[in-house]
Ligand SMILES: [Zn+2]
């Protein structure tokens with residue numbers, strides 16, 4: 001296999017792909033899907049386009065196997081979040097190559113990975129190997145707005161096409177400064193689920209010159225304060241326990257847990273070192289509540305008779321919605337507060353962080369990145385993996401881009417970029433993974 005050639009092809013393709021503006025909303029993924037389709041067509045590989053709504057197209061291509069196992073799906077999304085060019089070093093839709101990086105919205109999340117998967121898929125096609133299962137390249141619309149016009153619609157309308165034994169998707173990255181001198185690959189094997197609440201409190205309105213003590217805001221604010229004070233208990237689930245066990249091999253502050261492996265020791269060390277104070281870690285150690293919108297009042301001298309609050313709650317996969325809701329009601333401690341779950345996103349249980357699929361990924365990472373440390377991880381955010389996991393299909397999120405923890409702010413932020421070398425190495429790693437799972 002001429003890896004130099006394939007790597008260069010992938011880098012050139014990613015530059016072009018980044019120039020296609022697939023900002024969601026509105027998405028316009030059709031242009032991205034056609035671009036990917038053009039590359040497949042040049043290779044003589046057939047594909048299907050699925051338009052779920054005007055301009056919102058997903059693409060599926062398949063290399064047929066003997067059917068000994070169900071397919072491997074390499075999943076990625078075509079859409080990106082908005083980017084304001086104002087503060088960028090290069091225009092976010094320029095696909096500029098500079099300083100060894102490809103710059104642009106989607107470089108990390110996740111057009112870069114989409115292109116790595118595409119060229120691993122193309123390399124497998126060129127090689128013409130015997131496959132024991134299909135390899136499916138699946139580029140979907142609408143992930144950034146929840147996936148309802150992409151992965152979920154396809155799973156509902158074409159479940160047979162999306163049968164799989166395992167899915168590789170976005171999720172973790174290769175972080176460079178978690179363990180100094182080593183590349184720490186986080187494989188997302190679980191994720192939290194969104195549980196969005198609307199609170200409504202009615203009160204007694206009136207003239208601002210004569211406070212009633214029963215205005216809607218006067219009742220809403222103390223109840224919200226009680227809720228925010230009343231944090232959910234820390235709960236280290238098996239995925240995060242495995243993550244800390246990997247970390248403990250390298251972090252001296254976790255040495256006592258390395259020695260006794262006792263979850264109680266781990267919990268004590270997390271508390272003593274205040275690790276949950278780091279927002280990224282706090283988010284994966286408990287159910288969280290974020291008060292993000294508050295609506296009330298129309299005029300300075302009018303006491304509002306109605307106040308509304310929106311809470312972005314993110315629950316551990318082990319948490320039952322009903323139990324969480326009763327915690328919310330108890331913490332608010334206000335029987336007149338109306339609590340409405342207006343969005344209960346797909347809850348999905350964790351994929352196994354040991355066994356054949358996880359091990360195949362970990363071994364392919366170790367073969368391709370000799371300094372790799374590999375660990376499972378739980379995402380605090382959402383990905384399309386939840387739709388597959390909810391249907392019992394194990395999903396693993398790993399984007400082999402080497403980033404510092406500070407670089408994570410580029411995702412959905414300013415100056416998103418991916419190293420040219422990471423794209424090239426990523427194609428090779430994913431090809432190796434396809435061979436080990438499918439050949
Ligand atoms: Zn993404």
By average C-beta atoms within 10 angstrom, highest first, the peptides 343-350, 158-165:
343-350, 158-165
Nearest 10 degrees is fine. How inclined is helix 3-19 to the longest principal axis of the chain, computing both from alpha carbons?
40
Would you mind ranking 89, 58 so that the residue whose beta carbon has the fewest other beta carbons within 10 Å leads the list?
89, 58
When the chain is fully extended, how far beyond the present Cα-Cα distance does residue 53 get from residue 339, taking 0.36 nm per residue of separation?
99.7 nm
Points 7 angstrom from Cα along the Cβ direction at residue 436 and residue 322: gap in nanometres?
4.3
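Please order 88, 196 by the number of other Cβ within 10 Å, starting at the fewest. Write out the running numbers ahead of the final one.
Values: 88 20, 196 16.
The most exposed by this proxy come first: 196, 88.
Could you sort the peptides 117-126, 219-228, 318-327 by per-residue average Cβ neighbour count (10 Å cutoff), highest mean leading? List each step's numbers first, then the result.
Numbers: 117-126: 23.1, 219-228: 17.6, 318-327: 14.2.
The packing order, highest mean first, is 117-126, 219-228, 318-327.
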Within 10 Å of each residue's Cβ, count the other Cβ atoms and sort 77, 353 from fewest upward.
353, 77
If packing is taken as the average count of other Cβ atoms within 10 Å, what order do 265-278, 170-183 fall into, highest mean first?
170-183, 265-278
Helix 238-248 sits off the longest principal axis of the Cα atoms of the chain, rounded to the nearest 10 on a 0 to 90 degree scale, by 70
Just grab the label-to-label distance for residue 349 and residue 234, each label 7 Å out from Cα along the Cβ direction, in nm (one decimal).
2.7
Do the sum for the chain: with -39,500 (n - 2.57) for every DSSP H run of n ≥ 4, divided by all residues, what is the mean residue ellipticity at 222 nm, to the nearest 500 deg cm²/dmol?
-10500 deg cm²/dmol
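Relative contact order, percent, of the chain when contacts are C-alpha pairs under 8 Å separated by at least 6 residues? Please list the in-between numbers first.
Values: 923 pairs, mean separation 113.7, N = 439.
Relative contact order for the chain comes out at 26 percent.
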I'd like the distance separating the alpha-carbon centroids of segment 13-76 and segment 137-174, in whole Å.
11
Taking the 0 to 90 degree range and rounding to the nearest ten, how far is the long axis of helix 111-127 tilted relative to the main principal axis of the chain, both from C-alpha atoms?
30
Which distance in nm do the two modelled labels at residue 64 and residue 210 give, with both placed 7 Å along the Cα-to-Cβ direction?
8.3
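Once fully extended, how much extra length lies between residue 157 and residue 359, figured as 0.36 nm per residue of separation less the alpha-carbon to alpha-carbon distance? Don't skip to the answer; put the middle values down first.
Values: separation 202, 0.36 × 202 = 72.72 nm, distance 3.19 nm.
Value of the extension gain: 69.5 nm.
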Can you say what percent of the DSSP beta bridges in the chain, counting only those with both residues inside, are antiparallel? Round to 5.
65
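Over the residues of the chain, compute the C-alpha Rg and express it relative to 2.2 N^0.38 Å.
Numbers: Rg = 23.7 Å, N = 439, 2.2 N^0.38 = 22.2 Å.
With N residues counted in the chain, Rg over 2.2 N^0.38 Å equals 1.07.
No value in this document is a laboratory result; all are computed from the given coordinates. No experiment lies behind these values; they were computed from the predicted model shown. Backbone-built Cβ (ideal geometry, glycine too); neighbour counts: all protein chains shown.
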